[in-house]
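Okay, structure first, notes after.
The values are calculated or read from the model by the stated rules, or taken from the named source; none is laboratory data. All values derive from a computational prediction rather than experimental measurement. Positions of Cβ are generated from backbone atoms using ideal geometry, with glycine treated the same way; all protein chains shown enter the neighbour counts.
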Amino acid sequence: MSRNAHAAGPRVAVLGTGANGSIIGADLVEAGVDVTFIDQWPANIEAIRAHGIRVQSGETVRATRVPAHHLCEVAEMREPFDIVFLLVKAYDTRWAAELIAPLLHRDSVVVGVQNGMTGDVIAEAVGVDRTLAAVIEVTSAMYTPGLSERHSAYDRCWFAVGALDPSAERHVPVVAELLRHVGVVEESGDIQSAKWMKLILNVAELVTSAVLDLSIADCARHPGMREVMLAAGNEAVAVAQAHGYRIRPIFGMEGDAAASPDTFVAEILDNLVANYIQPDSRATVLQDWMKHRRSEVSELHGEVVRLASRYGMDTPVNAKVWELGLKVERGELIASPANVALMQQALREPVLVPARSAERPEQRRRPLA
């Protein structure tokens, strides 16, 4: 951060003010931070301009006034931002980072607070020295423009923040301190591993429950589905080991079970259902489909399948869930509990798990522009 930014407080943009982005932004505004909202949903921006961003927690609705802008208005902005929290869908990361790049100064930072492995994409657009990645666990929903439903209290909102490269490490404590207005924050020295640990949970819970048109908790209890969810996650664990990611606890979990490749998926899934989500919480993927929007199925299950292929691995459960998710999006399949039989077909396919590569993870890292 620049000296002036430290003296006056950073100028912050939240690019992508859906459910999670609006919660983060509202908490920062309430803490006295200078925040600007930017979003691609026109009705959402108009509602925020008219009524403030409304965050519902239980029966309480809090309205917070905040400057809100349409994407097209970014071209009219001149004053740079010190910190940009990027909360667009993973598949929108590249263009969103390019959009905001002209509004960065030399010491700005863009923080990818997203599902999926988006850090390298951001770094290619704005430079690795201006890029942080973050893991987010906030349970929320937005069905009405300008109204975010917050389902997790402060102590059940969790973030990990870290740099992809030592040149950006100076930004980590500043960003972590801001996010502590929203929830519990870990400063991570291995953010790529932490991001993949969240992806492991995501492939176990998000599309699997959405394809069944069930809440995450109901999906985990549905006959035959826990086996599918664990298999999808365990395939992603095997890919992590092949690639050199470290199996490590997230969400503040502790103990051997949370750090063991053999028990990580079951431990984190059970912890999520028991402590972090409401019984009726719908996955973000299902929320997208309810709004007739594209989901992140290819950025989750597709990422597992693509990385597995690099090591000659077969990931049939992730491939099947990816296939079914795309069929739902194309209107070729109706989301229904009846689809559990289609998912279980993949459990009978062989899974090839090669020995861990001797090549060091840093040698395999994709070069950054």
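Does residue 336 satisfy the condition of being over 27 Å from residue 93 (Cα atoms), modelled with pLDDT of 95 or more and of a type in the set (Ser, Thr, Tyr)? Can you show your working first?
Details: over 27 Å from residue 93 (Cα atoms): yes; modelled with pLDDT of 95 or more: yes; of a type in the set (Ser, Thr, Tyr): yes.
Taking the combined requirement at face value, the residue satisfies it.
Residues in segment 44-65 that are over 18 Å from residue 149 (Cβ atoms) and either touching a helix residue (DSSP H, G or I) at 6+ places or on another chain (Cβ under 7 Å) or aliphatic (A, V, I, L, M) (or both): 45, 50.
For segment 213-220, check the following and say yes or no: at least one residue is β-branched (Val, Ile, Thr) and surrounded by fewer than 22 Cβ atoms within 10 Å (Cβ to Cβ).
Step one: filter segment 213-220 for residues β-branched (Val, Ile, Thr), giving 216.
Narrowing the set further to residues that are surrounded by fewer than 22 Cβ atoms within 10 Å (Cβ to Cβ) leaves none.
No: segment 213-220 contains no residue that is β-branched (Val, Ile, Thr) and surrounded by fewer than 22 Cβ atoms within 10 Å (Cβ to Cβ).
Restricting 319, 341 to those that are closer than 20 Å to residue 90 by Cβ and of a type in the set (Gly, Ala, Ser) reduces the list to 319. For segment 82-131, residues that are in contact with a Lys or Arg (Cβ under 8 Å, 6 or more places away or on another chain), of a type outside the set (D, E, K, R), in contact (Cβ under 8 Å) with a residue 40 or more places away in the chain and assigned to a strand (DSSP E or B) total 2. Of all residues assigned to segment 237-259, none qualifies as being without any contact (Cβ under 8 Å) to a residue 24 or more places away in the chain and under 25 Å from residue 290 (Cα atoms). Entry remark, segment 184-200: residues being within 24 Å of residue 296 (Cα to Cα) and not charged (D, E, K, R) number 8 in total.
Exactly one residue out of 170, 180, 106, 156 is surrounded by fewer than 24 Cβ atoms within 10 Å (Cβ to Cβ), among the basic types (Lys, Arg) and modelled with pLDDT under 95: that is 156.
Got a sec? Which of 258, 231 is under 20 Å from residue 186 (Cβ atoms) and not acidic (Asp, Glu)?
Details: 231 fails: under 20 Å from residue 186 (Cβ atoms).
Only one candidate passes the filter, namely 258.
Only residues that are closer than 20 Å to residue 160 by Cα, under 18 Å from the mean Cα position of the chain (by Cα) and part of a loop (DSSP other than H, G, I, E, B) were counted in segment 248-281, giving 6.
For segment 29-48: of the residues being acidic (Asp, Glu) and more than 24 Å from residue 294 (Cα to Cα), which is surrounded by the fewest Cβ atoms within 10 Å (Cβ to Cβ)? Before the answer, list the steps.
Of all residues in segment 29-48, those acidic (Asp, Glu) come to 30, 34, 39, 46.
Right, trim to more than 24 Å from residue 294 (Cα to Cα) and you get 30, 34.
Details: 30: 14, 34: 17.
Among residues in segment 29-48 that are acidic (Asp, Glu) and more than 24 Å from residue 294 (Cα to Cα), the one surrounded by the fewest Cβ atoms within 10 Å (Cβ to Cβ) is 30.
Scanning segment 282-293 for residues that are assigned to a loop (DSSP other than H, G, I, E, B) and in contact with a helix residue (DSSP H, G or I) (Cβ under 6 Å, 6 or more places away or on another chain) gives a single hit, 283. When 285, 237 are checked against the criterion of being modelled with pLDDT of 95 or more and within 18 Å of residue 191 (Cα to Cα), a single residue qualifies: 237. Close contacts from segment 24-45, counting a first residue that is among the hydroxyl-bearing types (Ser, Thr, Tyr) and a second that is surrounded by 21 or more Cβ atoms within 10 Å (Cβ to Cβ), with Cβ to Cβ under 7 Å and a gap of 6+ residues or different chains, come to 36/13. For segment 310-336, filtering for residues that are surrounded by fewer than 19 Cβ atoms within 10 Å (Cβ to Cβ) and β-branched (Val, Ile, Thr) leaves 1.
If you go through segment 303-322 one residue at a time, how many are farther than 19 Å from residue 212 by Cα and not aromatic (Phe, Trp, Tyr)? Working first, answer last.
Going residue by residue through segment 303-322, those that are farther than 19 Å from residue 212 by Cα are 303-315.
Checking which are not aromatic (Phe, Trp, Tyr) leaves us with 303-310, 312-315.
Total satisfying the criteria: 12.
Of everything listed in (1) buried (at least 24 other Cβ atoms within 10 Å of the Cβ); (2) closer than 16 Å to residue 135 by Cβ, the single unmet condition for residue 207 is (2).
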